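The structure appears right after this line, and notes come after that.
The values are calculated or read from the model by the stated rules, or taken from the named source; none is laboratory data. In this text, all values refer to a predicted model and were calculated from it rather than measured experimentally. Ideal geometry is used to build each Cβ from the backbone, glycine not excepted, and the neighbour counts take in all protein chains shown. Ligands, DNA and RNA are stripped out before the accessible areas are found, and what is left, the full protein with its side chains, is counted by its heavy atoms. Shrake-Rupley method; radii C 1.70, N 1.55, O 1.52, S 1.80 Å.
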Amino acid sequence: MNPKDPYDSNNQIVGVVGVGQDMTEQRPQGKGATSPKWHRLYFALAGFDVLTVCLGLLLTVSLLAIFKESISINQEWTGRLALYSEINSQAQRVNAPGNDIFYSGDVSSESALLSEGIAAFQLLSVRAREDLESNIDPALARSILQDLGDVDLSMTEMVAVARQVLELFALGQEAEAAGRMAIMDHKYASVTRSLDAVNAKVLDVQGDLIAGQFLQAERLERYGYGIAGLVFFMVLGVAGYGSRVQGALSKAFAESQNFRSALEAANREATESVRVAEAALVRSDELTALIDTANAPIFGIDENGLINEWNQKAALITGFLKIDVMGRPLVDEFITDEFKLSVREVLNKALQGEQTANYEFPLYTKVGARVDVLLNASSRRDAEGNIVGVVGVGQDITAFRKQEYALAQAQKMEAIGHLTGGMAHDFNNLLGVISGNLEFIRTDAEFITPEIEELMKEAESAVQEGADLTRRLLAFARSTPVRERTINSSAAIRDFSKLLKRSIGIEIELQLEIASAPILVKLESGLLENSILNLALNAKEAMPKNGVLRITTGKISVSATSAAHIGMRSGDYLKLVVSDNGTGIPEDILPKVFDPFFTTKHLGGGTGLGLAMVYRFANHAGGRCDISSEVGSGTSVTLLIPEVTSEVMTTPGDPVAEIDCKGEGLVLVVDDDERVRRVSLRMVKQLGFDVIEARDGAHAMEVLAERGPVDVVFSDILMPGPIGGFELAGWVGENFESTAVLLTTGFSQEEAPAPSESKEGSKSTGGYEILRKPYKRTELVGALRRIGVKL
């Protein structure tokens, strides 16, 4: 028997195999057998037999050693091919961000993926070099190392171009970025060609080594034939003993032939196994690349709930890299408490073979932001069909949910706008009654004491403040038409600060450092105030109790050099700074705060549109918006708005003098509110006109149809029924061309989208003069004069 150490696939000894030979027929039988006649030849034959067996064993051991070495060479060089394939795959991942940026648009995420890919590629390259330098003959390794050097050089150039692509895309220069992307792809092609050259040389070396092994095996085979021939001629020389010896030699030769056939079959099987393993490795790499680059988050867990798969999309939407999550429990560490039970139930069902489709649950990113995922969970099975884990293919529906919530918020704001407009209309009617009666008291009373005079001034001031308040509410609710107008920013911000104090609460101290000199800017009405309010509310949430909100304004000049550098026009700008002493914004979040719908609040806690609207406002105004923040110290937002100097600022003008105002003619006063109508009747009558009245638009038509034309129709716009102020005015214009029309309102849904604004604060819409409530008698006089009435 010849004992041998058998090895498993990992070249580890796992037992002993004994190879024996049945010698029964070659030994004398029976007790006391006599020696053969040709005893000397017998002993010679025995000696040759022993020599033949020894040579056969030596031949067998040599062939086994060659076979084992062939397998080792195959495994070693197949491992190198797998390493270079991994280098090729990593080069593809490094190339991906420069192309994907045109689809994702997320420069920071693509930059992070680029840096991660570069680091992984460098580790693989160092590993390949160390292997060649340590384990391969320098003469063989030198050419491969030269090609790997070409790969590193091309990769360095490709990475430099990829960074330029991301930088150009971040600057908004997408055309230039596309051009650089083509250069980057050319560099990637150079990397691929160099890696193909490496693979070809590795295959050549591997083939040469295996061919050498087969050459040695053939040489040993020839030695085996020589030994067999020696035995054959020895048997011919001893014909008297030949029958037995010949039978033994034939059997030995047959066994050697069988062993040779078995060895060749084993070698073919080993070669086929290597080929199948290489093909499986290629398929495995392709499947891994497909999963890793899929445009959907894919993760996997094992039977114990530990993460064993995490592709690039999952890393992108969560901020957790694959290396950060592998081996960690998915449910315990990445799912919120409220969803732990249900997610665990879905995964357990998949582990039992039951699939789940379209299951929605939230994940939380590395920075604590919520990501909503729609999940399809399936069982993962091994080659025998046993369930070994779960693979989940998801869809990021965060943006959809945020847009859905933003739409609901917009609808809510629209409803609030309608409600605010209606309330403002009614409130302005009340203010009009109060204001008118105060004027009547002042003009009709024979004697007013200083005390009463003071009370009346306070009441008139309260009416004016109420009118200002409703005007601001209507501007915020967008219930009033908006247009660009030139305003004094200093006065506007001081005026708005009263409303702002109510919005941020008494716990926040508001500090104003407003420029004393007027700084004129041209903006849509209310947008400046809306931007300050958004910034103030964000600051309020970031500040602890007793925080300080500071608003400062000033004027700065931007030179042509600086303007070209920051993408602005040169000239003078309003500099508005809103700062707080709150918790500050982390450095990794700061670049994203102006992105629409970006928010770190839970769903329902905010739309993520506030800062985006401020940024859009500043850019549309021809300026810019910048933010700086330090965690623990606070945040500062700076707005630059172009100053204007050539246009007339839109502000209410001086009251129209009404000394000796005397009107003539008949005026029809139309208003559905009886108290407002009485005030209007009395005010018009005091100007010297004759007056008649109507309770609504339909009644006014009846009065005019029955009585005939009047000189002036003075009508409210918003009235019950199908006939409002505009409808009445149109009817009057068609039927009584000589009748002038003056409209008045506290609020109107029917106004034209872009009314002009006069110096006195009234607005002309659709060709009709509109007088805003509450109004004074002097303002009424001015409006009547503008429609051609002589006073």
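Of the cross-linked pairs K313/K540; K313/K340; K402/K592; K340/K402, which ones have a Cα-Cα span greater than 27 Å in the structure shown?
Where the Cα-Cα span goes over 27 Å, the pairs concerned are K313/K540.
Ranked from the most accessible area to the least, with a 1.4 Å probe and all protein chains present, what is the order of H425, H565?
So the residues, ranked largest to smallest area, are H565, H425.
With each pseudo-label sitting 7 Å past Cα toward Cβ, what's the E513-R442 distance in nm, one decimal?
Taking the simple label geometry, E513 and R442 are separated by 4.0 nm.
Determine the order of R677, R370, R442 by accessible area, beginning with the largest, at a probe radius of 1.4 Å.
R442, R370, R677
Could you order the peptides 633-643, 535-545 from most to least packed, using the average number of other C-beta atoms within 10 Å per residue?
633-643, 535-545
Return one whole number: the accessible area per residue of the stretch 485-601 in Å², for a 1.4 Å probe.
Details: 5880 Å² over 117 residues.
Spelled out: the 1.4 Å probe surface of the stretch 485-601, per residue, equals 50 Å².
In Å², what does the accessible area per residue of the stretch 682-726 work out to with a 1.4 Å probe? Could you put the intermediate results ahead of the total?
Working: 2040 Å² over 45 residues.
Counting only protein heavy atoms, the per-residue value for the stretch 682-726 is 45 Å².
Considering only protein heavy atoms and a 1.4 Å probe, what is the carbon-and-sulfur percentage of the accessible area of the stretch 44-147?
The value for the stretch 44-147 is 60 percent carbon and sulfur by accessible area.
Going through the cross-link list K501/K555; K662/K776; K322/K366; K498/K776, which pairs have a Cα-Cα distance over 18 Å in this structure?
Over 18 Å Cα-Cα: K501/K555; K498/K776.
Around S134, with a cut-off of 13 angstrom between Cβ atoms, what is the net charge of the other residues, counting Lys and Arg +1 and Asp and Glu -1?
With Lys, Arg at +1 and Asp, Glu at -1, the neighbours total -2.
For a quick protection proxy, order the peptides 322-328, 396-402 by their average other-Cβ count within 10 Å, most packed first.
396-402, 322-328
Once phi is turned into ³J(HN,Hα) by the Karplus curve 6.51 cos²θ - 1.76 cosθ + 1.60 with θ = phi - 60°, what whole-Hz value does each residue of the stretch 164-174 show in order, with x for glycine and proline?
Those phi angles translate into 5, 4, 5, 5, 5, 5, 5, 7, x, 8, 5 Hz.
Between the stretch 100-127 and the stretch 147-219, what is the C-alpha centre distance in whole Å?
Their Cα centres are 16 Å away from one another.
Before I look further, what does the stretch 145-192 give for accessible area per residue, probe 1.4 Å, in whole square angstrom? All intermediate terms of the calculation are to be shown ahead of the outcome.
Working: 2330 Å² over 48 residues.
I get 49 Å² per residue for the stretch 145-192.
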